[in-house]
Amino acid sequence: MAGGSAADLAPTAAVKIFSAGIAGCVADLVTFPLDTAKVRLQVQGESKDLPKGQKATYRGVFGTIITIVRAEGPRNLYNGLLAGLHRQMCFASVRIGLYDTMKLLYAHGAENPGLGTRLLAGSTTGAMTVAFAQPTDVVKVRFQAQAHQPENGSVKRYSSTTDAYRTIARVEGLRGLWKGCLLNIARNAIVNCSELVTYDIIKEQILKNKLMTDNMPCHFTAAFAAGFCTTVVASPVDVVKTRFMNSVPGQYGGGTNCALTMLFKEGPSAFYKGFMPSFLRLGSWNIVMFVSYEQIQRAVNNFLKMFLK
């Protein structure tokens, strides 16, 4: 996915990993309120049915954001941000930064790997991240899902990010920190394949057909398309993952039970709850992340090129 002229210093795996981690954090800082709105919409309705005639608390992405600001204050839009940044430094750095390396490995050094090779590389790096960084995702989801409204008797489950890690480990055991791991591996593999492979192929075709040069408009176009494709493909497993991670011990018998409960209780549409904020978030996240990734990667390369002269 690296661009630039032939004269540029070829980016190493270390440069890509560093650039992807920083770019993921930049993207999270920009789009975190949309992610919080998505989580609130996804978990809404899981505890009990709404009384007849009562409207849902959260309605639409912007309505959800406004409701959170009015009821809890604007700071709660960034609930779990620290865990989110922990997550990006672990997730984005590996799943995005190592994608090209894995692609070349599976292609045995071939310059134009096929679709199957790209999908395999995306699935591999997507699954790798979850294996060691799952606790950051669990804590992020728990923070985003909690509504803090003291006047209604609602209190925070966790007082801080560190408290969340400790409390989950103490109350639910280490398994609690890896709750929904298999679901997240499935989700991350799907997201990674949709996101990276779509971006990779569209950018490659744009440059091959000379529709744009390897610059920001090209990166923007490929990233937007990647965000839309990813949202359509990954929304169902993302909703189940969010519900299961946020659930109290014993609420669901497992990921499959969670999905079946949603299907029978709320219908098929439940799997696309929060679709619009998911698309707004993933679309904007992809744009900010990939544009940042390309620019940070080039800046680091230029610095190394000057340093190594």
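The values are calculated or read from the model by the stated rules, or taken from the named source; none is laboratory data. A quick note: this is a predicted structure, and the numbers were derived from the prediction, not measured. FYI the Cβ positions are ideal-geometry reconstructions off the backbone, even for glycines, and counts take in every protein chain you see. Protein only, heavy atoms only, side chains kept; ligands, DNA and RNA dropped before computing areas. Shrake-Rupley method; radii C 1.70, N 1.55, O 1.52, S 1.80 Å.
Does P236 satisfy the condition of being open to solvent by 10 Å² or more (accessible area, probe 1.4 Å) and touching a residue at least 40 places away in the same chain (Cβ under 8 Å)? No, not satisfied. Only residues that are open to solvent by less than 10 Å² (accessible area, probe 1.4 Å) and not small (G, A, S): list them for the stretch 242-255, please. T242, R243, M245, listed by residue number. When each of K38, K103, K16 is tested for being crowded, with 18+ Cβ neighbours inside 10 Å, in a helix (DSSP H, G or I) and at pLDDT below 85, the lone residue that passes is K38. Among residues of the stretch 189-217 that are basic (K, R), those with a Cβ under 9 angstrom from a residue that is open to solvent by 10 Å² or more (accessible area, probe 1.4 Å), sequence gap 6+ or separate chain, pair up as K203/M1; K203/G3; K203/D214; K203/T221. One residue is enough: does the stretch 242-251 have a residue meeting the conditions touching a Lys or Arg at 6+ places or on another chain (Cβ under 6 Å), modelled with pLDDT under 90 and part of a loop (DSSP other than H, G, I, E, B)? Within the stretch 242-251, none of the residues are touching a Lys or Arg at 6+ places or on another chain (Cβ under 6 Å), modelled with pLDDT under 90 and part of a loop (DSSP other than H, G, I, E, B). Taking the stated definitions as given, is I287 over 19 Å from the mean Cα position of the chain (by Cα), closer than 22 Å to G84 by Cα and in a helix (DSSP H, G or I)? Here the answer is no, as I287 does not meet what is asked.
The residues in the stretch 74-119 that are of a type outside the set (K, R), without any contact (Cβ under 8 Å) to a residue 40 or more places away in the chain and closer than 30 Å to T161 by Cβ can be counted, and the count is 1.
A quick yes/no check of all residues on (1) of a type in the set (S, T, Y); (2) under 13 Å from the mean Cα position of the chain (by Cα); (3) within 17 Å of K38 (Cβ to Cβ):
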position	(1), (2), (3)
M216	no, no, no
F220	no, no, no
T231	yes, yes, yes
G267	no, no, no
S278	yes, yes, yes
L282	no, yes, yes
